[in-house]
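Read-outs throughout are calculated quantities, based only on the coordinates presented, and are distinct from any laboratory measurement. Since this is a predicted model, take the numbers as computed values, not measurements. Backbone-built Cβ (ideal geometry, glycine too); neighbour counts: all protein chains shown.
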Amino acid sequence: MSAPAALDERRADPDRGAAPRPRSVRRVPAALTALVVLGGAGLFLYDLAAVRAHRPAMRWRRELARLLERHAPADTGVVVAGAVLVLAGAALLFLALAPGLRSVLPLRSPGPPRPTGGPPEVRAGIGRKAAALVLRDRAMEVSGVRSARVRVGRSHVTVRAASHFRELDDVRADLEAVLAVGLAELGLAHAPRPRVRVGPADKG
């Protein structure tokens, strides 16, 4: 089976050997968040225990109580502060749910799928920059290509090449064929579509 036919088969059957997008572990942000929550909870519990033991509350708590007495919920400052906190919470929630690792492209798993029907246990990925270097080396092998720049995205691979002695249409056709082979050999779970632009090389 030729490389273009293999790419068309993958696009027609995206679930065949598909791998989910890798997710960031986020150990450091999770640890920092846990420490902040633990410290705040410990501070509140200590202040609550001190008040229960007939001791004065901490100064920051008394200042907070005075501020709450002076300002009503409808005040402009309170509304603005609440809106900022809501936006910050929404941003943190989005970051927590987002997969992350946008620079890593999942590869098709060589192992069989799980008996339960889930994704394969073996997962692999390749960085976008590494994939771009592989495809750029392939593009430079085409006769007539003097220079090439490759940018790999999630859905498209953009190639800008400069040709200095062959017809531009012939170079473009050869580049498309070479990229199809290169993408098939990379074994990406979701093969991006190539976009090839060929222009004349600078004579200077």
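Quick look at the values:
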quantity: Rounded, prolate or oblate (a/c below 1.5 giving rounded, otherwise prolate when a/b exceeds b/c) for region 55-94 by Cα gyration tensor; calculated: oblate
quantity: Separation of the Ala72 and Ser103 label points, Cα + 7 Å toward Cβ, nm; calculated: 5.3
quantity: Theoretical gain in end-to-end length, Ala65 to Ala41 [0.36 nm per residue, Cα-Cα removed]; calculated: 6.8 nm
quantity: Bins of 5 Å from zero: percent of alpha-carbon pairs in region 42-178; calculated: 2, 8, 9, 8, 8, 9, 8, 6, 6, 6, 7, 7, 5, 4, 4, 2, 1, 0, 0
quantity: Gained length - Asp169 relative to Leu48, 0.36 nm times residue gap less alpha-carbon distance; calculated: 35.8 nm
quantity: Packing-based order for 167-173, 133-139, using average beta carbon neighbours within 10 Å, highest first; calculated: 133-139, 167-173
quantity: Per-pair calculated FRET efficiency, R0 = 45 Å: Arg27 and Glu141 via Cβ, rounded to 0.05; calculated: 0.60
